[in-house]
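Undergrad: Dropping a structure here in structure tokens format, bear with me for questions.
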Amino acid sequence: MEGTIFISIILAFIAIGFFILNRLYRNRSVATEEHHDHSSDDGVCCGKHTNCAKGYDNSNLYFDDEELDRFKGVNPEEYTDSDIEEFKQILYTMNEEEIDTWVHCLQTRGIELPLEVKEEILLILQ
């Protein structure tokens, strides 16, 4: 009986530790992106943020990804693994220079990217 209680306490401490590390990682990622200078002299995306501040002609934005419209208004933390894979599959079929425009297009349609996909986009664009 004492061994079970001991193991339960250890597991609770491990879970709390993972929770704290997860919160610290998320806060650090958000803080890094929020304090980034989004200005660009040449109008090209700097690749250090997922919401590019350069100007877009919204009339010409089109990507063959209407299946993602069902995610309009979904919180990024609510995506399932299969949803995330769907976003990744579309991302991997794009040319690198299209990615920032695709992200902007999704945002204008009210579609939030899964957190894992945002991180991959940042890695690709660096």
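Undergrad: Looking only at residues that are among the hydroxyl-bearing types (S, T, Y) and surrounded by 14 or more Cβ atoms within 10 Å (Cβ to Cβ) in the range 78-108, which one is farthest from the chain's Cα centre (by Cα)?
TA: We begin by selecting, within the range 78-108, every residue among the hydroxyl-bearing types (S, T, Y); these are 79-80, 82, 92-93, 101, 108.
Add one more test, that the residue is surrounded by 14 or more Cβ atoms within 10 Å (Cβ to Cβ), and what stays is 79, 101.
Details: Y79: 11, T101: 15 Å.
Among those that are among the hydroxyl-bearing types (S, T, Y) and surrounded by 14 or more Cβ atoms within 10 Å (Cβ to Cβ), it is T101.
Undergrad: Another question about this same structure. So which of T93, T32, T80, T50 is modelled with pLDDT of 60 or more, under 25 Å from Q126 (Cα atoms) and of a type in the set (S, T, N, Q)? Give the derivation first.
TA: Details: T32 fails: modelled with pLDDT of 60 or more; T80 fails: under 25 Å from Q126 (Cα atoms); T50 fails: modelled with pLDDT of 60 or more.
On inspection, the qualifying residue turns out to be T93.
Undergrad: Of everything in the range 109-126, what is open to solvent by less than 40 Å² (accessible area, probe 1.4 Å) and farther than 22 Å from T80 by Cα? Give them in sequence order.
TA: L125
Undergrad: When residues of the range 63-77 are filtered for being part of a helix (DSSP H, G or I), surrounded by 14 or more Cβ atoms within 10 Å (Cβ to Cβ) and at pLDDT 90 or above, how many remain? Walk me through it before giving the result.
TA: Initially, the range 63-77 is screened for residues part of a helix (DSSP H, G or I), giving 66-71, 76-77.
Within this subset, residues satisfying the condition of being surrounded by 14 or more Cβ atoms within 10 Å (Cβ to Cβ) are 68, 71, 76.
If we keep only those that are at pLDDT 90 or above too, we end up with 71, 76.
Matching residues across the range 63-77 total 2.
The values are calculated or read from the model by the stated rules, or taken from the named source; none is laboratory data. As the structure is a prediction and not an experimental result, all values here were calculated from the model. Positions of Cβ are backbone-derived with ideal geometry, glycine not excepted, and every protein chain shown enters the neighbour counts. Protein only, heavy atoms only, side chains kept; ligands, DNA and RNA dropped before computing areas. Shrake-Rupley method; radii C 1.70, N 1.55, O 1.52, S 1.80 Å.
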